[in-house]
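Structure, as structure tokens:
Where a number appears in this text, it was derived from the coordinates with a stated rule and is not lab data. In this text the structure is predicted, and so the values were computed from the model without any measurement. Cβ sites come from the backbone with ideal geometry, for glycine too, and all protein chains shown count toward neighbours.
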Amino acid sequence: SLALYTITYADSLNRPFFTFRLTDYNERDIEELKKFAKPVFNVDTILSTANRLKYTNLAMASFSKMLKEPPREFIKFIAQDFFDGRMTQQVLDEFTPIIRDAMAQHIKEQVSLRLKQALATTSGDESGAVNLQSIQMDSEEPSQNTDDEIVTTQEEIDGYNMVRAIVASEVAPERVFMRDAKSYCAVLLDDNNRKPICRLHFNSKILKRIEIRQDNESVKHDLNVLTDIFNHRDALIAVVKGYE
């Protein structure tokens, strides 16, 4: 039962303000849970936490809604920072999808940056420098194949490092391996062919794809840019969790 893996705290009216799921949590959840430990338990702190979490959750929901359907006032507020013309309805309609995509891209880049920093830290990079190309794989060569026709490209190395950064929240990065082939580049858990995380189809100069096992079938997703790999974070993590 899911209830066996869920801890819920409610206020005096039995309204939940904090839920901790053992199967799905992040660092912020852990920090909040620590406040309920017996040695540091404080009623005033808990009440303050309840009030803050309630409004934080509401704010997150509102922000999520705004990302999908940004209000006219918000579009106008952003656009007037770089557009000097008259803010007609036509202008706002033109800027709405542009600003919506810009916000999504910014969030994606921030997530990408945090994941790269996390991987650099896990790999022992004390400087915290973010450079995917500087992250070396465990093997001496990018490809474990000896076939002269197989050429491992920098894009495949970058793609592999992105996948490794994503799944680093579930498994140690040194358990993630890359094995190149003629038609695709495989990313494996524990260097085991029976534990594929994904396949990178980067050989085409026109179209790049990532192939992930989802719902008992392999699904290929087009990548407009390499960082689109981060759009499939949940699917990649689900694959790794399945092996664990």
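For Asp180, which sequence-distant residues (separation of 5 or more, or a different chain) have an amide H within less than 5 Å of its own amide H, given hydrogens modelled in the peptide plane?
Gln144, Asn145, Ala186
Under 5 Å between amide H atoms, partner at least 5 residues away or on a different chain: which partners does Lys195 have, H built in plane at 1.01 Å?
The answer is Leu189.
Considering the dipole of the stretch 137-243 built from charges on the beta carbon (Lys and Arg +1, Asp and Glu -1) around the Cα centre, which of Val167, Ile197, Val239 is farthest to its positive end?
Val239
Using a 10 Å cut-off on Cβ atoms, rank the peptides 100-110, 58-68 from the highest mean neighbour count down.
Numbers: 100-110: 12.5, 58-68: 10.3.
Highest to lowest by the protection proxy: 100-110, 58-68.
With θ set to phi - 60°, apply the Karplus curve 6.51 cos²θ - 1.76 cosθ + 1.60 along the stretch 161-175 and write out the HN-Hα couplings as whole Hz, x wherever there is a Gly or Pro.
5, 5, 4, 5, 5, 5, 7, 5, 6, 10, 9, 5, x, 5, 8
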